[in-house]
Structure formats: C-alpha cells, structure tokens
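Below: one structure, written as structure tokens.
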Amino acid sequence: VTGVAESYVYDGTVKRPVVTVTVNGTKLEQNKDFRVYNTESTAAGPKELAVQGIGNYEGDVLKKFTVTAAPLAGAVITGVKDSYKYNGTARQPKVKVTLNGKVLKKDVDYKVTYSADSTAVGGKTATIEGTGNYTGSQVKAYSVVPAKAVVSSVTADKKKLTVNVNAQEGVTYQIQYRVNGKTAWSSAKATGTQKVLKGLKAGKKYQIRVRAFATIDGARVNGAWSKVTVSKKVQ
C-alpha cells in the first residue's frame, strides 16, 4: 500500500490520501478489490487509514499518518496601529488573524498576550500564538505615546510658582514659562506631576505650558503642548 505520506499540514479539510494497492505485482482496483476507511476528522493529530480486501482479496492493512498544526508564520495580522495615545487604560489592540484567506478565531485558533504593562507610555508588543490546529507565533510591536498635557493648577507664592499637571505614566514633563507678554520661554523638567519654579519676579504674571515626553525605542517622542495657563501675580 503506497500513497500515504507520514504527515500533512492542517488546512481545515479531511485528509484522504489516494492509495495504490499492489499484490504480487498486480495493481488492485478500489471498491472492487479493496475499500478504504479513513479517520473522518479535520483536526490536527494522529490519523489512521485502513485498506480492507474485498471480492477476491481479504485482510486489512493499517496505515498511520499525522495532520500537523498549520504554522502562523504566513498569517496576516491586522488591527495593530503603530501608536496609541496614553489614556490611563491598558492599550491592547484587538487583532485580526487571517491565514490562507480564512479568518481565525481568538482563543480557539490563537491566543494573544500583551506587554505586562500596556498602560504606561513606552514600547509594547502583542504576541499572537497559535493553539489547537495552529502553531508558531508572530509578534506585533506598537507604542503608547504621550497624550496632550493638561495643567491642573498653578499657585503663585513668594517669587515662585507651583505647577501641577495631570498624571501620565512613564513620562517626563517639560515645563516652559515666561513673563506674561514676553516672547522667550524658560524651560524646566519634572519627573513627577508637580514642579516648583523658583527665582521668579515679584508682581509679574507668568504664562505656563507643559508637555510630556518619553524615549521610545531610542527616540524622543513628545506629546502636544498643553493650553497656555496665565498665573496670578507672583508675590
């Protein structure tokens, strides 16, 4: 009995190898000299094919083969953008996996795992791993980038201003300030959400603007500047 390969790759169809049966140099005819009984299952895994003699022939021959899981290496993964703005929630894009024109089912044909922290600003990954009838994996990279900064409050005191901004995880803040009506900005940085600007001129109002930034994959990524806030007079 020939014509049965050791393995076939899963494609969603029942594998029915076309066999050739020869006895003492004589090629037999299917359904006249023998019948074929096949494992009627599309799933990946071990299979059996039995050849049973009929008519002038008797006895059985059992051939075993395997349907192997299909690799995801050639799958098309869509649904993952290059970047998402920080919004304080986990950024876990919903992926679509298509292989040979078939849309695969999540948690049946594949599973997706995301970076442990998918909320904070920074580089992230979505790993798509085949399950069941599929094997192998693909990794899609994306970023969570700084959102537009928001100045929550500016408090004037003796020759200083205390600036508070809304929090974004994984960023540094750049604070720019100038005397109201002037053109040149001074700049300061803050790793937290509050910055005290000292050595300011008494009796002057100041304009304040802030933006968040972070280094992602070796490059600085800036968020948008906040709306300019005008302080009360510095004491």
Tally the residues that are within 29 Å of the chain's Cα centre (by Cα) and among the β-branched types (Val, Ile, Thr), restricting the search to the range 190-235. 4
Which residues, counting only those in the range 77-104, are among the charged types (D, E, K, R) and either surrounded by 17 or more Cβ atoms within 10 Å (Cβ to Cβ) or within 11 Å of the chain's Cα centre (by Cα) (or both)? 81, 82, 91, 94, 96
Apart from one, (1) farther than 27 Å from residue 189 by Cβ; (2) not in a strand (DSSP E or B) all hold for residue 97; the odd one out is (2)
Just one of 126, 120, 141, 149 is part of a loop (DSSP other than H, G, I, E, B), closer than 30 Å to residue 97 by Cβ, of a type in the set (A, V, I, L, M, F, W, C) and in contact with a strand residue (DSSP E or B) (Cβ under 8 Å, 6 or more places away or on another chain); which is it? 120
Checking residue 233 against (1) in contact with a strand residue (DSSP E or B) (Cβ under 9 Å, 6 or more places away or on another chain); (2) assigned to a loop (DSSP other than H, G, I, E, B); (3) loosely packed, with under 12 Cβ neighbours inside 10 Å, which single condition isn't satisfied? (3)
Across the range 181-230, which residue is most open to solvent (accessible area, probe 1.4 Å) among those that are in a strand (DSSP E or B), charged (D, E, K, R) and farther than 17 Å from residue 86 by Cβ? 198
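Taking residue 42 as the residue in question, decide whether it is in contact (Cβ under 8 Å) with a residue 24 or more places away in the chain, outside any strand (DSSP E or B) and under 48 Å from the mean Cα position of the chain (by Cα).
yes
The values are calculated or read from the model by the stated rules, or taken from the named source; none is laboratory data. Keep in mind it's a predicted model, so treat the numbers as computed, not measured. Cβ atoms come from the backbone with ideal geometry, glycine included; neighbour counts cover every protein chain shown. What goes into the accessible areas is simple: the full protein's heavy atoms, side chains included, and nothing from ligands, DNA or RNA. Shrake-Rupley method; radii C 1.70, N 1.55, O 1.52, S 1.80 Å.
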